[in-house]
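*Asks:* One structure, as structure tokens, below. Some questions next.
The values are calculated or read from the model by the stated rules, or taken from the named source; none is laboratory data. From a predicted model like this one, the values you see are computed outputs, not experimental measurements. Ligands, DNA and RNA are excluded from the accessible area calculation, which covers all protein heavy atoms including side chains. Shrake-Rupley method; radii C 1.70, N 1.55, O 1.52, S 1.80 Å.
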Amino acid sequence: MKAWPIILHAVSIAMQKDDPSIVAAMDGQEGSTSQPPSKAQSETREDPTVFFFVVFGLVYEALATSTSDANPEARRTAVVSLQALKCLVRRKYCGRVFSDPPLFEELLNLFYRMALTEPSGVQIHLVETIASLADSIKSDSKT
């Protein structure tokens with residue numbers, strides 16, 4: 001199916017713009033009829049959003065199966081997936097899920113493999129994603 005990277009890109013754009021409706025959608029709410037959580041509430045979130053693991057699984061699978069060949073479509077999918085992951089690792093979506101050592105270690109192993117095999121255009125997005133994860137973990141340690 002070739003449509004899911006386009007949909008994932010749209011979701012990541014909404015997450016980058018901090019659209020309250022995407023947070024509501026990730027929490028399984030029909031619309032943003034209820035008050036969106038305040039910034040302080042979203043930064044102290046304990047549990048991931050309802051659909052966090054669905055989107056995270058899609059992103060992880062795309063990145064784990066990406067190849068470092070010259071295929072521009074595969075490279076574009078990797079970049080879109082990293083852009084989505086950069087937002088997903090924020091506390092408002094993932095909660096404290098990366099406090100779980102096996103999940104965190106798997107993600108680090110994926111990052112390591114990508115750092116060794118992906119072209120520089122993808123690695124730029126990889127570094128941004130790692131920085132976003134580090135910010136999330138840093139804010140996690142403050143609470």
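*Asks:* Tell me the angle of helix 4-16 to the major Cα principal axis of the chain, expressed in degrees between 0 and 90 and rounded to the nearest ten.
*Replies:* 50
*Asks:* Need one word for the chain: rounded, prolate or oblate. Basis is the Cα gyration tensor (sqrt eigenvalues a ≥ b ≥ c); a/c below 1.5 gives rounded, then a/b vs b/c decides.
*Replies:* In terms of gyration-tensor shape, oblate.
*Asks:* Using a 1.4 angstrom probe and counting only protein chains, how large is the accessible area of Thr67 in Å², to 10?
*Replies:* Approximately 70 Å² of Thr67 is accessible to the 1.4 Å probe.
*Asks:* Okay, moving on. Taking all protein chains as present, what is the carbon and sulfur share of the accessible area of segment 54-141, in % to the nearest whole number, probe 1.4 Å?
*Replies:* 61
*Asks:* How many Å² of accessible area per residue for the chain, probe 1.4 Å? Each step should come with its number before you reach the end.
*Replies:* Numbers: 8020 Å² over 143 residues.
Result: 56 Å² per residue.
*Asks:* Against the longest alpha carbon principal axis of the chain, how many degrees, from 0 to 90 and to the nearest 10, is the axis of helix 101-117 turned?
*Replies:* Tilt of helix 101-117: around 30 degrees.
*Asks:* Go ahead and estimate [θ] at 222 nm for the chain from helices alone: -39,500 (n - 2.57) per DSSP H run with n ≥ 4, summed, over the residue count, rounded to 500.
*Replies:* -21500 deg cm²/dmol
*Asks:* Let me ask you something else. Using 0.36 nm per residue, how much length does the chain from Ala10 to Asp100 gain when fully extended, once their Cα-Cα distance is taken away?
*Replies:* Result: 29.5 nm gained on full extension.
*Asks:* Another one. Mind grabbing the accessible area of Ser120 for me, 1.4 Å probe, Å², rounded to tens?
*Replies:* Taking all protein chains as shown, Ser120 has close to 80 Å².
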